[in-house]
Amino acid sequence: MIPTVEILSTGDELLTGQVVDTNSTWLMDRLWDLGLMVRRKTLVADDRTDLQAALREVTSRADVVVMSGGMGPTEDDLTAECVAAVLGAPLELHPPSLEAIARRFQHFGRPMTPNNRKQALFPRGAEVIPNRFGTAPGFSVRVGRALLFCLPGVPLEYKGLCDEAVLPRLAAGLESVPAGRVVKLFGLGESAADQTMRPVMDDPRNADVRFGYRAHWPEVHVKWTVSGPAAATRADRIRGEVRALFGEAVWGEGKDELPPLVVERLLARGEKVATAESCTGGLVAQLLTSVPGSSGAFDLGVVVYSYEAKTELVSVPAALLAAHGAVSEPVARALAEGARARGKATWGIGITGIAGPGGGTPEKPVGTVHLALAGPGGTSHLQRLYRGDRDRVRRSTAFEALFLLLRAMR
């Protein structure tokens, strides 16, 4: 039997927009790998009445509930208190947790204030989950029909305790772990991906396969999970069919991320890339250099907004700018070739465009971007009209530039 899973996230900051709940999306992705899909997610403020009502509701219908937040030492950290109230059980001190908290403060040379004792109080009958990533231990306890996991909301701690305690326990309770696969696409929308996938999804052999999509802009991820005998073999067969359907739109699989994959490919080939960016403001360089070890693959990055910078830094001819304007194919090509030559790199990326919200014309509306890639075989060019605000145009452009480079290295 596959358990039903729900997520209960708490905290005023999540409801005021001060903090984005990245924990839940991360956990949903990890649960998918186990063949488990979260049925519902509930978000509640730091209010005793609302928290107790939410706890009673979610634990009455789910087999597993993962709750985050409210595990700190302050007045508005209410998780243990509210769980105890719902259980009708007292809070009890857990001396090993109190000692671990005290040792952590001592290790960092900070005084432990009396309110930190609160983090070592748990509902009677709860199983404590030690936290080597921070001060607040988690705990698990049976409430209603559910096994409730209560975890700190700090992402490092939340993910660490999920990996060490929650996910292994859930996996151990499954009769068999389904085989999940993910293929990552670029240049297609979710609806187009779904339409392309119809032959695979309509295949009678795949009637029991769970398919899904994730619009992880500017990418689309196609996912499927196979249960039962020979699950891995069947999942791999589908992967071959999916890759054949999408062809060059596929750039990665599983946990692949585009910037690290580009750096990995460059390092494996003993090659480097240099960039000359205008409208993206160095975003391509930022994505590449965020990858550890990228110094062996990234040679030079310049942000060239003005005509003078384009001419002086990467040798774009002034006459070319005067004749075609900065946002043009010839200038994008010259930027790529100039970056490659200046950085003595194997590859050069050139980007110029209008990210908005102003600056567009009827001939060159906001979102117009020219990308060029210079390499050993010559210089290729791509013109795009991206939709969305300034950040969306810039990010779409940067990821497309990386995709072009990755494809050129296949």
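Coordinate-derived values only; no laboratory data. None of these values were measured; they are calculated from a predicted model. Virtual Cβ from ideal backbone geometry, glycine too; neighbours counted across all protein chains shown.
Over all distinct Cα-Cα pairs of the range 258-408, the Kirkwood formula returns a hydrodynamic radius of 14.9 Å.
Would you mind estimating how fast the range 5-172 diffuses translationally, via Stokes-Einstein at 37 °C and 0.692 mPa s with the Kirkwood radius over Cα pairs, in µm²/s?
Values: Rh = 16.0 Å.
My calculation gives 205 µm²/s for D.
Of all DSSP beta bridges confined to the chain, the antiparallel ones make up roughly 60%. Estimated from the Cβ-Cβ distance and a Förster radius of 45 angstrom, the FRET efficiency linking Leu156 and Arg237 is about 0.75.
Along its three principal directions, the equivalent ellipsoid of the range 158-197 from the Cα gyration tensor extends over semi-axes of 32, 15, 7 Å, largest first.
Between Asp208 and Met37, the simple spin-label model (points 7 angstrom out along Cα→Cβ) gives 1.7 nm. What FRET efficiency comes out for Tyr305 versus Asp163 if R0 is 41 angstrom and r is the Cβ-Cβ distance? Round to the nearest 0.05. The value I calculate is 0.40.
Take the Cα pairs of the range 179-253, get the Kirkwood Rh, then feed it into Stokes-Einstein at 25 °C and 0.890 mPa s and tell me D in µm²/s. Can you show the working numbers first?
Numbers: Rh = 12.3 Å.
D = 200 µm²/s.
Of the chymotrypsin sites (Phe, Trp or Tyr not before Pro) found in the range 95-155, those in coil by DSSP whose Cβ has at most 14 other Cβ atoms within 10 Å are Phe108. Computed from Cα atoms, the angle from the helix 329-343 axis to the main principal axis of the chain rounds to 80 degrees. All Cα-Cα separations within the range 268-333 were binned at 10 Å from zero, giving a P(r) of 20, 46, 25, 8, 0, each value a whole percent of the pairs.
Give the value in nm², to one decimal: projected area of the alpha carbon convex hull of the chain, averaged over all directions. Mind dumping the intermediate values first?
Details: hull surface 99.2 nm².
Projected area, direction-averaged: 24.8 nm².
Annotation: the residues Leu288, Leu245, sorted from fewest to most other C-beta atoms within 10 Å of their own C-beta, follow the order Leu245, Leu288. Helical runs (DSSP H, four residues minimum) scored at -39500 (n - 2.57) apiece and divided by the length of the chain put the mean residue ellipticity at 222 nm at -11500 deg cm²/dmol. Axis angle, to the nearest 10 degrees, between helix 22-33 and the longest C-alpha principal axis of the chain: 90 degrees. Projected label points at Val20 and Ala192, each 7 Å from Cα along the beta carbon direction, are separated by 2.4 nanometres.
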